[in-house]
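Below is one structure, written out as structure tokens, with a few remarks after it.
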């Protein structure tokens with residue numbers, strides 16, 4: 001009988017391939033914090049870089065470029081963290097039956113018509129009840 005050879009898997013690769021439930025949450029929180037940090041550096045009011053002898057921070061332009069890079073890194077981390085929540089929805093969106101142009105125009109006209117009628121109704125209520133409320137406020141009620 002032939003023996004089956006077991007594959008040796010590195011423990012580091014095994015750990016890296018294992019998905020942890022809170023890693024996306026942690027990446028999202030850290031991405032948001034890095035974005036806020038970059039915005040604070042860019043504004044310069046709350047957080048100011050004072051180590052201007054270092055070549056990266058010796059001019060205001062370089063500080064602004066650094067803050068924009070920090071904001072981009074934070075945004076990329078946030079997108080990577082949130083992408084797994086939206087990817088399954090993309091396959092569902094392909095299966096949706098979208099209305100045709102005529103139906104879409106019909107529904108849009110109905111919505112705008114309803115909003116216009118509702119707006120006219122509120123204007124009429126205001127015209128009718130404003131004198132009554134002004135009278136009551138005049139009495140001290």
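Say we look at region 56-84 and pick out the residues that are more than 15 Å from residue 33 (Cα to Cα) and in contact with a helix residue (DSSP H, G or I) (Cβ under 8 Å, 6 or more places away or on another chain); which of these is modelled with the highest pLDDT? Please lay out each step first, then the result.
Here is the first cut: in region 56-84, the residues more than 15 Å from residue 33 (Cα to Cα) are 56-66, 83-84.
Now restrict to residues that are in contact with a helix residue (DSSP H, G or I) (Cβ under 8 Å, 6 or more places away or on another chain): 56-57, 62-64, 66, 84.
On the way: 56: 72, 57: 74, 62: 83, 63: 82, 64: 84, 66: 87, 84: 80.
Selected residue: 66.
Only residues that are at pLDDT below 90 and assigned to a helix (DSSP H, G or I): list them for region 85-109, please.
Once the filter is applied, which keeps residues that are at pLDDT below 90 and assigned to a helix (DSSP H, G or I), region 85-109 yields 85, 86, 87, 88, 89, 90, 91, 92, 93, 94, 95.
Which of the following residues is under 30 Å from residue 31 (Cβ atoms) and either within 32 Å of the chain's Cα centre (by Cα) or loosely packed, with under 10 Cβ neighbours inside 10 Å (or both): 139, 132, 90, 127?
90
The values are calculated or read from the model by the stated rules, or taken from the named source; none is laboratory data. In this text, all values refer to a predicted model and were calculated from it rather than measured experimentally. Positions of Cβ are backbone-derived with ideal geometry, glycine not excepted, and every protein chain shown enters the neighbour counts.
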